[in-house]
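Following: one structure in structure tokens, then a few remarks.
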Amino acid sequence: MEKKKPGGGIRFWLALWAAKLSVPVLKLTRHNGTNFPGSVAMKLCPDFLKYLAMPERIVAVTGTNGKTTATNFICDMLKNDGLRVVSNTAGSNMYAGAATALMEGVGIFNRCRSDVAVLEVDERSTRFVFAHVKPKYLAVTNIARDSIKRNAHQEYIFDLINRGISLTPDTTLILNADDPVSSFLGEDFGGGDAHAPNRRVYYGMAGQGQEAFVPGSPDFPVCPRCGTKPEFTLRHYRDIGTFRCPGCGLSSKPRDYVALKLNTAARRLTVEDKGGEVSDYPMLSDTVFNAYNTVMVIALFREMGYSRERIAELLGKIKITETRFTLERAGGLDLYTYAAKGQNGSAASAVFEYLAKEPSKKELVMLLDEHYGDDQRIETVTWLYESDFEYLVRDNIVRIIIAGHRYLDYALRLRLAGFPEDRLLCLEDENAIPEHVETEGIDAIYFLHDVYTVDKARRLRARVMEKLSGGGKNEG
Amino acid sequence: MKVELLFPELCGLYGDTHNAKYLAAGIPGGELTEARDGVPAFVREKVDAIVLGSMTERNQGFALERLMPYREQLRDLIEGGTVFLATGNSMELFGQEIRVGESALPCLGIFDYRSVRRMDDRRSCFFLGQFEGMEIVGNKGQFSYSYGTEARPFIRVTGGFGSNPESANEGWRYKNFFGTYLLGPFLPLNPPFTRYLLSVLGSDGPVPFEKESLAAYEYRLRELKRPGRKFLFE
């Protein structure tokens, strides 16, 4: 079933055909996965999405951390259920990316050929995308500290998403009850939009007996209603947990879908529905972050009418590509590449907490820099001061090697955090890393990389492996 | 000597809280102090410096609510030479008002400048400037802009923009009050200015981790002075 839309005149048809024509041209020139078709369409017809046929069921996913992984889960599950799915997982999560994906779901006469669209939507783009795209469901992972350049601060992002939500009142919001920021989406704390009428569903996780570190730069430092510092009774990580404001009584939302138990060894997750039914589901990886993604997806699919058994079946079919880390062994050491997301204090701190708690004696090689010589890509260093480098001041973090353009800024930050000078090496030239790696007294080396530095991390690890005179490949 | 980190839960964006920590660490026997139950430390004890940082727009309202009862005391402290460092949009609290569309948020009214908030007009830049022969580096990201700061500017802009897009001057300086839209770890990034501030506080020692701080500062200076260097973010 598709949403019928009025015709957009000659501009729309020209835009659609030009965009359609550009797809094979891009394939021939090996430029797959770009947003060019959507950009072309928008240029020729700025209201392109207003006239484009779309499937009745559209699922949108947004949030600071985890939205790409969650979008991939949802797409794979729907495809495994036999549905025709369009998605922007291979392209951009901005307006043009959504336009490209949705355009691919129609024929040249604007007849919808897909059953469902799954769109990852950048937080700042929700207000543009939702002007014409009305998702049936909007799933939100969380809102946390992110790149200052792109996202400023959490309240700004909260208000922008709320502006998007105000354009689509029939959308059901699937919200993380344990995230004190995003769980209040649809509510007005002075950001300019009145309480949204949207139906809301909340997911979350019961305590698992863990003790999370308290963040130095919290994502939810004060109650948005009265400005009082909140009290947390449970923290899963950072400010994800359960809070109550001692000033006005504002507290965490009750959960409709709650993960009662995480069995990370068996990779199983027990979830209680809002009706009180308890079911067991496959867990897609052993991290708490992906447990949240999984319970969000379960809530979404339950709301879409799927049975618990079918959801478990579909989750079980997902082959997750583990992009968070790769592992090789050489010289008796575990050599990891590990994603840490630079410029994002909340994501970096979560990784630092993991590394601090993971008991192996380790050396960290940090490659979180952006590119030298490009003024626009070299961001600020404020995120270094929003990240909890203090977590790394532990005996099991034996040594840290920093390399790249910002090496001196890292050196100062780590020294201010209390990291000992004699266990810290800062180099401008990343290529010099292998000759400085020391293996004495360690079990593992972690090459921490950003989205853009994964290849660099793998190359450097390969050189370190050579230095350690080879070893067997383990897993990826 | 005591450095008050004012309302870190409200004014703790972008790592600005590290300025107070850095300053206190540079003073022999320096101590950080904070508000209790929402009442600033300067109300209950003598403090030598008050440091506050960037905050969200809603938190500006909460901070003003908390500070308004102590407006005269704040004025007296400023007149009496207490060191103030207000980074990011926190300097706006000390002006007359923050205009938001047709309405205005009344501020402490200690200084004459006025601010205008435009959430759909965010501007960011890397920054290079001069203060009393020292070069100041950093970056800014503003949803709001101050007007009327030309009377007592803190920093002369040589790269980037000032208190508002048209201004060649950045921030506000009155006696030992230093207000600037520069945000984040302003003091760790600017060891010469930190040394200056420490001397105002009567300390002539090095800044914390001076070797590392100076090396990063000098590297950044070279970067910002590179011919053809862009300052404004796209």
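Quick rundown of the values:
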{"read-out": "List B:Phe233, B:Phe209, B:Phe7, ordered by accessible area with a 1.4 Å probe, largest first", "value": "B:Phe209, B:Phe233, B:Phe7"}
{"read-out": "Number of partner chain Cβ atoms within 10 Å, mean per residue of A:223-233", "value": "3"}
{"read-out": "Qualifying GluC sites (Glu not before Pro) in region B:1-59, DSSP loop, other Cβ atoms within 10 Å at most 12", "value": "B:Glu45"}
{"read-out": "For chain A, calculated [θ]222 nm from helices alone, where every DSSP H run of n ≥ 4 adds -39500 (n - 2.57)", "value": "-9500 deg cm²/dmol"}
{"read-out": "Nearest-10 value in Å² for the accessible area of B:Phe126, using the 1.4 Å probe", "value": "20 Å²"}
{"read-out": "Relative contact order (%) - region B:1-132, alpha-carbon pairs under 8 angstrom, separation at least six", "value": "22 percent"}
{"read-out": "Computed over region A:78-234: relative contact order in percent, which uses C-alpha pairs under 8 Å that are six or more apart", "value": "17 percent"}
{"read-out": "Compactness of region A:29-86 as Cα Rg over 2.2 N^0.38 Å, two decimals", "value": "1.39"}
{"read-out": "Cross-link pairs beyond the 30 Å C-alpha cut-off, checked among A:Lys229/B:Lys230; A:Lys67/A:Lys261; A:Lys253/A:Lys362; A:Lys43/A:Lys67; A:Lys319/A:Lys456", "value": "A:Lys229/B:Lys230; A:Lys253/A:Lys362"}
{"read-out": "Spatially proximal lysines relative to B:Lys2 (Cα-Cα < 18 Å; intrachain offsets below 8 disregarded)", "value": "B:Lys21, B:Lys46"}
{"read-out": "Per-residue ³J(HN,Hα) for region B:38-43, Karplus 6.51 cos²θ - 1.76 cosθ + 1.60, θ = phi - 60°, Hz, x for Gly and Pro", "value": "x, 9, x, 4, 5, 6"}
{"read-out": "Antiparallel DSSP beta bridges within chain B, as percent of all bridges there, nearest 5", "value": "60 percent"}
{"read-out": "Size of electric dipole in region A:129-196: Cβ of Lys, Arg +1 and of Asp, Glu -1, about Cα centre, debye, nearest 20", "value": "340 debye"}
{"read-out": "Between region B:174-234 and region A:200-254, the alpha-carbon center distance in angstrom", "value": "35 Å"}
{"read-out": "Helix A:454-467 axis, angle to chain A major axis (alpha carbon atoms, nearest 10°)", "value": "30 degrees"}
{"read-out": "Cα-based convex hull volume of chain A per residue, rounded to whole Å³", "value": "160 Å³"}
{"read-out": "D_trans [Stokes-Einstein, Kirkwood Rh over alpha-carbon pairs] for chain B, 37 °C, 0.692 mPa s, µm² s⁻¹", "value": "186 µm²/s"}
{"read-out": "Heavy-atom accessible area order for A:Asp159, B:Asp37, A:Asp395, largest first, 1.4 Å probe", "value": "B:Asp37, A:Asp395, A:Asp159"}
{"read-out": "Helix A:407-417 axis, angle to chain A major axis (alpha carbon atoms, nearest 10°)", "value": "80 degrees"}
{"read-out": "Residues whose placed amide H lies under 5 Å from that of A:Arg57, excluding near-sequence neighbours", "value": "A:Ala117"}
{"read-out": "For region A:270-316: rounded, prolate or oblate by the Cα gyration tensor [a/c cutoff 1.5]", "value": "prolate"}
{"read-out": "Surface share of carbon and sulfur [accessible, 1.4 angstrom probe, percent] for region A:325-475", "value": "46 percent"}
{"read-out": "Prolate/oblate/rounded label for region B:17-140 (Cα gyration tensor, a/c 1.5)", "value": "oblate"}
{"read-out": "Degrees, to the nearest 10: A:345-357 long Cα axis against longest axis of chain A", "value": "50 degrees"}
{"read-out": "Protection proxy ranking of A:137-150, A:214-227 - average other beta-carbon atoms within 10 Å, highest first", "value": "A:137-150, A:214-227"}
{"read-out": "Label point 7 Å beyond Cα of A:Arg84 along Cβ direction - residues of region A:113-140 with amide nitrogen under 19 Å", "value": "A:113-119"}
{"read-out": "Cα principal axis extents for region A:1-145, largest first, Å", "value": "42, 33, 30"}
{"read-out": "Semi-axis lengths (Å, descending) of the ellipsoid that matches the C-alpha gyration tensor of region A:325-475", "value": "23, 18, 14"}
{"read-out": "Chain B - percent relative contact order, Cα under 8 Å, separation 6 or more", "value": "20 percent"}
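The values are calculated or read from the model by the stated rules, or taken from the named source; none is laboratory data. A quick note: this is a predicted structure, and the numbers were derived from the prediction, not measured. Every residue, glycine as well, gets a Cβ built from its backbone with ideal geometry; the counts of neighbours run over all protein chains shown. Side chains are part of the model used for accessible areas, which takes the heavy atoms of the whole protein and leaves out ligands, DNA and RNA. Shrake-Rupley method; radii C 1.70, N 1.55, O 1.52, S 1.80 Å.
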